[in-house]
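First up is the structure itself, then whatever we jot down about it.
The values are calculated or read from the model by the stated rules, or taken from the named source; none is laboratory data. Fair warning: this is a prediction, and the values are worked out from it, not measured in the lab. Note that we place each Cβ from the backbone using ideal geometry, even for glycine, and neighbour counts take in every protein chain shown. Note: accessible area is taken over every heavy atom of the protein model, side chains too, but ligands, DNA and RNA are not part of it. Shrake-Rupley method; radii C 1.70, N 1.55, O 1.52, S 1.80 Å.
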Amino acid sequence: MNIAVVGAQWGDEGKGKLIDILSENMDVTVRYQGGNNAGHTVVVGDKEYVFHLLPSAILHKGKVCVIGNGVVVDPQALIAEIDDLKKRGFKITSANLKISGRCHIVMPYHRILDALRESKRKNKIGTTGRGIGPCYADKVARCGIRMVDLLNPRLLKGKLEDNLTEKNEIFQKVYNRKDFSFGDIYKEYCDYGKKLEPFVCDTALYLNEAIDSKKSVLFEGAQGTFLDIDFGTYPFVTSSNSIVGGACSGTGVAPTKIDKIIACVKAYTTRVGEGPFPTEFQTGLKEEIRAKGNEYGATTGRPRRCGWFDSVLVRYSVIINGINELAIMKLDVLDDLDELKICVGYKYKGKTHKDFPMDFDVLNEAEPVYETMPGWKTKTCGVRSFAKLPKEARRYIKRLEELSKVKVKYVSIGTKRSEIIVL
Ligand code: GDP
C-alpha cells in the first residue's frame, strides 16, 4: 500500500510526527517538493530531531529515504543535516538515502536574491529566505542547475557561467551589490557534487521498481495545501505544489499508484508569515495557544499566528487532495479551553461563503461564521482510545469529521510517538 501524507492547512500541522509513526511500517519514504524552507520536528524518547530536507524516516533502521526530483536541494544544508545525524549515531549510506539527479540546486545567488527581493517589497510575502523561490523560478525559466550537473564539472561550468553573466548584471544594476565570483562558487559546488555523488540516482526508476516489487512507499508532503503555489493564498505561498498532485510530478510515480491519501490538520489553525487568515485569534488566546502548542517555526523560529479550526479551509483541502483519512493533531493543546469555535462559513457583504474563496478581499475582510462547542477541561495526553476521550472532545472531533466530510483515523494528543489514538 502506498500512502501520501499532506498538510491540509498552512503547514506545520504535525506531519513529521505522523510520518514518523507511519514510516515504521513502510519500506520507502520520499519527499516530493519544497526545500530546506520546510521543517518537521520529531520527538523520540527525550531527543528532538528537526528535519529540513531528509525524510524523517531516516530515524528508522532498514528504511530507505528518497529526495524526489520535485525537491530543491541546498547542498550545504543537506550535507550539514547528514553530518549531524551521523554524529548522533545514525548510518547514512547510498543504501538508505537516494537523491534524484533531477533535483534543482539552491545556489548562493538564490539565497541573496530571496532576501533582497523581500526587502524591496512593500507587501512582504513572508519568505523563509532560504533561496527556495528563486531556485524554483530558475527551474521554470530553464536556467536552473541540477544535481546531475554537480557531478559533471564541464556542464556545471557552462551553466554557472551563463547564470553569473545574467545574475551579476542584475545584482549590480538593480541591487547595487558586488559580483559573485565564478571560481569560488564553481569549486564549492564541485566539492558538494563529490560528497553527494554516492546518493544520486534516477529515483523515479528506483521508486517504480520498488512499487513493482510490492514495497510500500510513503509520500511525504512539506508545507500545506494553502501554501501551494496554485491553490494556496497566493502570493503568500510557497513556490511548489504541496498538494498531493505534487507527489506525482515530484517523484515520477503515477497517480494510479497512490492508494491512500491522509491529511494532517491541527485541531485549531496556525499560519506563519504574512497572508490572510480569517479565523486568527484576536484576543489573549493568541498567546495562550501559541505557548501551549509551542507554535514557533521549526525553520526560522518565527512565532506562528494561531486561530480557530476552519472547516471551510479544510473541506477545500479534502476536495483538492482527494483525502481518504484525516489525522487531527495537537488536540491536547485545547485541553484547558472553556469553549471552542469552529468556522463553518465566511460572511462578506451580506453573503455567506461556504466554499473557500479565491478573492483576496473576501478572505481578508470576511467575518467567520462560528459554531461554538463546550470544552472538555481535562488532560488528554494519557488517553489511548477514542472511547476514553472526554465526551466533549469526542463531539468536537465528530463535528470536524462531519464538516470535512472525511473520516478521522488518527487523533494526536502529545509530541511523543505513543501519544496517538488510532480510530
Ligand atoms: P510539520 O511541518 O507538519 O511536520 O509540523 P512541525 O513539525 O513543524 O510542527 C509540529 C510540532 O508539533 C512539533 O514540534 C511536534 O513535536 C509537535 N506535535 C506534533 N503532534 C503533536 C500533538 O499531538 N500535541 C502536541 N502538543 N504537539 C504535537
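Below, the figures for the structure above:
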quantity: Simple spin-label estimate for D202 and K157 in nanometres, 7 Å along Cα-Cβ; calculated: 2.8
quantity: Surface accessible to a 1.4 Å probe, per residue, for the residues of region 238-298, Å²; calculated: 35
quantity: Cross-link pairs K47/K286; K215/K405; K15/K409; K266/K377 - those with Cα-Cα distance over 20 Å; calculated: K47/K286; K215/K405
quantity: Between region 22-101 and region 347-423, the Cα center-to-center distance that results, in Å; calculated: 30
quantity: Restricting region 1-68 to trypsin sites (Lys or Arg not before Pro) in coil, as DSSP defines it, with at most 11 other Cβ within 10 Å; calculated: K61
quantity: Positive dipole terminus of the chain, leading residue within C306, F90, T251 (C-beta point charges); calculated: F90
quantity: Low-density loop cleavage sites - trypsin sites (Lys or Arg not before Pro) in region 176-243, where at most 15 other Cβ are within 10 Å (DSSP); calculated: R177, K178, K214, K215
quantity: Alpha carbon convex hull of region 265-412, volume per residue in cubic angstrom; calculated: 120
quantity: Viscosity 0.692 mPa s, temperature 37 °C, Stokes-Einstein D of the chain from Kirkwood C-alpha radius, µm²/s; calculated: 148
quantity: Region 373-423 - accessible surface per residue (Å², probe 1.4 Å); calculated: 52
quantity: Carbon and sulfur %, accessible surface of the chain computed with the full protein complex present, 1.4 Å; calculated: 51
quantity: Percent of beta bridges antiparallel (DSSP, the chain, rounded to nearest 5); calculated: 40
quantity: Check: region 133-206 dipole with +1 on Lys, Arg Cβ and -1 on Asp, Glu Cβ, in debye; calculated: 80
quantity: S249-A80 pseudo-label distance in nm [points 7 Å out on the Cα-to-Cβ vector]; calculated: 3.0
quantity: Aspartates and glutamates with Cα under 17 Å of K351, excluding same-chain neighbours fewer than 8 positions away; calculated: D359, D361, E365, E367
quantity: T256 paired with K388, simple spin-label distance in nm, labels 7 Å along Cα-to-beta-carbon; calculated: 4.5
quantity: Inverse mean reciprocal Cα-Cα distance (Kirkwood Rh) of region 208-288, Å; calculated: 15.0
quantity: Within straight-line cross-link reach of K214, lysines at Cα separation under 16 Å, skipping those fewer than 8 residues along the same chain; calculated: K63, K257, K260
quantity: Gyration tensor over alpha-carbon atoms, region 1-110, equivalent ellipsoid semi-axes in Å; calculated: 20, 17, 15
quantity: Of K91/K159; K347/K407; K86/K157; K139/K407; K122/K157; K17/K407, pairs whose Cα-Cα distance is over 29 Å; calculated: K91/K159; K86/K157; K139/K407; K122/K157
quantity: Under the Karplus curve 6.51 cos²θ - 1.76 cosθ + 1.60, θ = phi - 60°, whole-Hz ³J(HN,Hα) for region 131-139, x wherever Gly or Pro sits; calculated: x, 5, x, x, 5, 5, 4, 5, 4
quantity: Dipole magnitude of region 267-349 about its Cα centre (Cβ charges: Lys, Arg +1; Asp, Glu -1), debye to nearest 20; calculated: 420
quantity: For region 251-320: rounded, prolate or oblate by the Cα gyration tensor [a/c cutoff 1.5]; calculated: prolate
quantity: For the chain, calculated [θ]222 nm from helices alone, where every DSSP H run of n ≥ 4 adds -39500 (n - 2.57); calculated: -10000 deg cm²/dmol
quantity: Antiparallel DSSP beta bridges within region 1-116, percent to nearest 5; calculated: 35
quantity: Region 129-163 versus region 172-226: alpha-carbon centroid distance in Å; calculated: 10
quantity: Debye intensity ratio in log₁₀ form over the Cα atoms of region 142-287, taken at each q of 0.09, 0.12 Å⁻¹; calculated: -0.51, -0.83
